[in-house]
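Heads up, the thing below is written out as structure tokens.
The values are calculated or read from the model by the stated rules, or taken from the named source; none is laboratory data. Small disclaimer: the values here were computed from a predicted structure and weren't measured. All Cβ positions, even for glycine, are placed from backbone atoms using ideal geometry, and neighbour counts span all protein chains on display. Side chains are part of the model used for accessible areas, which takes the heavy atoms of the whole protein and leaves out ligands, DNA and RNA. Shrake-Rupley method; radii C 1.70, N 1.55, O 1.52, S 1.80 Å.
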Amino acid sequence: MNDTYISPQIKYIGVDDKDIDLFESQYKVPNGVTYNSYVILDEKTAVLDTVDMRRCDQWLANLGKALDGRQPDYLVVHHLEPDHAGSIAVFAERYPETVIVLSNKAAGMIGQFFDNIVPARLKPVSEGETLALGKHVLTFVMAPMVHWPEVMVSYESTEKILFSADGFGKFGAMDADEPWDDESRRYFINIVGKYGAQVQALLKKAATLDIKTIAPLHGPILKENLGHYIEKYDIWSSYRPEEEGVLVAFASIHGNTAKTARYIADELRSKGVTVAVSDLARDDMHKAVADAFRFDMMILAASSYDAGVFPPMEKFLNHLRAKNFQNRKVAIVENGSWAPSAGRTMRAALEGMKNITICENSVTIRSSMKECDKTAINAMIEELIGTK
Ligand SMILES: Cc1cc2nc3c(=O)[nH]c(=O)nc-3n(C[C@H](O)[C@H](O)[C@H](O)COP(=O)(O)O)c2cc1C
Ligand SMILES: [Fe+2]
Ligand SMILES: [Fe+2]
């Protein structure tokens, strides 16, 4: 269980969601997800973000317990997406005196989601503006497009906490026992990956702050080794590979391309190369996207299909393009029984991406891999991994 204790005056009141089928209707979350929320209890009280309506009742109970009879003076809304802002309408009915603090952009958008929030209740804030609660003071920092345009983060200067909104979030409930890097990478690349430049801008602003704790809206509260998490965010948001290795991603109709891809993966492993393999028709597509970003090299292997490429590969390449995939070395393996077309289709998709080096040695399999195909496969591997 991740430790959610912050301090006597700042309490975690977030909730786990372990029975959601798909997060944002597309991401598998086998270990659930959290909607984090916090309360600062000082001379004034501030609630930081609500939660998804799916867990509103439990959150209100957590909130009531933390407030212990006090009224919330402020509700700070860092992000209007319904996984965090979904319970605002219910909260606003229950606590009619609470002032809602949000970015100027969010103030313009909140009415789209709720019809019971009158403008008089809103306190829009700008870059650098502060909210004094007593000993605790929040400073607001705008973070547009980390993940939506209205996003802001806040810095509490007494306890040196960065409330980072979706930034530094992770899939998995609080008791999920899994490496932060893997589920945070899958979360970041797929959800925020397109907005690397905006994340870089936020990291630059954050670098000027003395941060002891990062309190995100999903996943564990980060209290130690902050340099590790910040370094990962710097790598991911600048589209640099995280480590040397190859993702072998394949899309195979009848299994022959799969067999070839697995043979290639074994060859790579025998040369000491770190390899991840993804069956794009069956495995988690978003994990494959995250692995494509993780490694510096990728091999795409696919069946030809209706003068194009088998659709799971097409879908994968669309995801990569949408997330601004770039700066990687890629090799292509196609399979076709009469007029192979997968190779040129994959190549055309890759050519639309920035700084992708495509190996000249590609491989064409005719229906099933033969002994004689191994020469071309070896040449492709040699070119891809060089002298490693
Ligand atoms: C619906 C469908 C469309 C296909 N279209 C093509 C094609 O346009 N060109 C081609 O050479 N092979 C085509 N094929 C054949 C497959 O690409 C080929 O048999 C396959 O690559 C074998 O590898 P696999 O066992 O991994 O699926 C098609 C197969 C199917 C089922
Ligand atoms: Fe979000
Ligand atoms: Fe979120």
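Relative contact order for the stretch 243-386: what is it in percent, counting Cα pairs under 8 Å that are at least 6 residues apart? Mind dumping the intermediate values first?
Working: 283 pairs, mean separation 34.2, N = 144.
With pairs under 8 Å counted, the relative contact order is 24 percent.
Relative contact order for the chain using alpha-carbon pairs under 8 Å, separation at least 6, rounded to a whole percent?
Numbers: 809 pairs, mean separation 43.0, N = 388.
Contact order relative to length: 11 percent.
Give me the distance between the Cα centres of the stretch 281-310 and the stretch 21-45, rounded to whole Å.
First find each Cα centre; the distance between them is then 30 Å.
How charged is the neighbourhood of ASN361? Take every other residue with its Cβ under 15 Å from the Cβ of ASN361, and add Lys/Arg as +1 and Asp/Glu as -1. Please report the intermediate quantities before stating the final value.
Numbers: positive: LYS329, ARG347, LYS374; negative: GLU267, GLU334, GLU360, ASP373, GLU382, GLU383.
Net local charge, ASN361 excluded: -3.
List nothing, just return the count: lysine pairs in the stretch 180-333, 8 or more apart or interchain, with Cα separation under 22 Å.
Lysine pairs satisfying the spacing and distance rule in the stretch 180-333 number 28.
Using a Cα-Cα cut-off of under 16 Å, which lysines could be cross-linked to LYS105, ignoring same-chain neighbours fewer than 8 residues away?
Leaving aside lysines fewer than 8 places away in the same chain, those within reach of LYS105 are LYS123.
Label 7 Å along Cα→Cβ of ASP68; the stretch 74-117 residues with amide nitrogen under 20 Å?
Those under the cut-off are 74.
Scan the stretch 273-362 for chymotrypsin sites (Phe, Trp or Tyr not before Pro) in coil per DSSP, keeping those whose Cβ has at most 14 other Cβ atoms within 10 Å, and list them by number.
Of the chymotrypsin sites (Phe, Trp or Tyr not before Pro), the ones in loops of the stretch 273-362 whose Cβ has at most 14 other Cβ atoms within 10 Å are TRP338.
Tell me, how many Å apart are the Cα centres for the stretch 341-388 and for the stretch 103-152?
50 Å
Top mean-square fluctuation among SER237, SER164, SER341, Gaussian network model of the chain, C-alpha springs under 10 Å?
SER341
For the chain, what does the helix formula give at 222 nm: sum of -39500 (n - 2.57) over DSSP H segments with n ≥ 4, over the residue count, nearest 500 deg cm²/dmol?
Values: 12 runs with 128 residues, N = 388.
Taken over the chain, the calculation gives -10000 deg cm²/dmol.
Among the lysines, which fall within straight-line cross-link reach of LYS65, defined as a Cα-Cα distance under 17 Å, with same-chain neighbours fewer than 8 residues apart omitted?
Cross-link targets: LYS11, LYS44.
Report the Cα-based extents of the chain along its three principal axes, largest first, to the nearest Å.
Principal-axis extents of the Cα atoms in the chain, largest first: 77, 38, 35 Å.
How would you order 50-59, 360-369 from highest to lowest mean count of nearby Cβ atoms within 10 Å?
On the way: 50-59: 20.3, 360-369: 17.0.
Sorting 50-59, 360-369 by mean packing, highest first, produces 50-59, 360-369.
List the relative contact order of the stretch 10-237 as a percent without decimals, with contacts defined as Cα pairs under 8 Å and 6+ residues apart. Intermediate values should be presented prior to the final figure.
Details: 459 pairs, mean separation 40.3, N = 228.
The normalised contact order for the stretch 10-237 reaches 18 percent.
Once you've got the GNM for the chain with C-alpha springs shorter than 10 Å, pick whichever of GLY169, GLY111, GLY245 has the biggest mean-square fluctuation.
Comparing GLY169, GLY111, GLY245 in a Gaussian network model of the chain, the most mobile one is GLY111.
When ranked by the protection proxy of mean other Cβ atoms within 10 Å per residue, highest first, what sequence do the peptides 21-27, 127-133 form?
On the way: 21-27: 12.0, 127-133: 15.0.
Order by mean packing, descending: 127-133, 21-27.
For VAL76, what residues show an amide H to amide H distance below 5 Å, using hydrogens built from the backbone and excluding near sequence neighbours?
Sorted by chain and number, the residues that satisfy this are VAL47, LEU48, ASP49, VAL101.
Where Rh is the Kirkwood radius over the Cα pairs of the stretch 243-386, the temperature 37 °C and the viscosity 0.692 mPa s, what D in µm²/s does Stokes-Einstein return? All intermediate terms of the calculation are to be shown ahead of the outcome.
Values: Rh = 14.6 Å.
Estimated via Stokes-Einstein, D reaches 225 µm²/s.
Of the accessible area of the stretch 10-237, with the probe set at 1.4 angstrom, what percent is carbon plus sulfur? Before the final figure, lay out each step's value.
Values: 4400 of 8670 Å².
Roughly 51 percent, rounded to a whole number.
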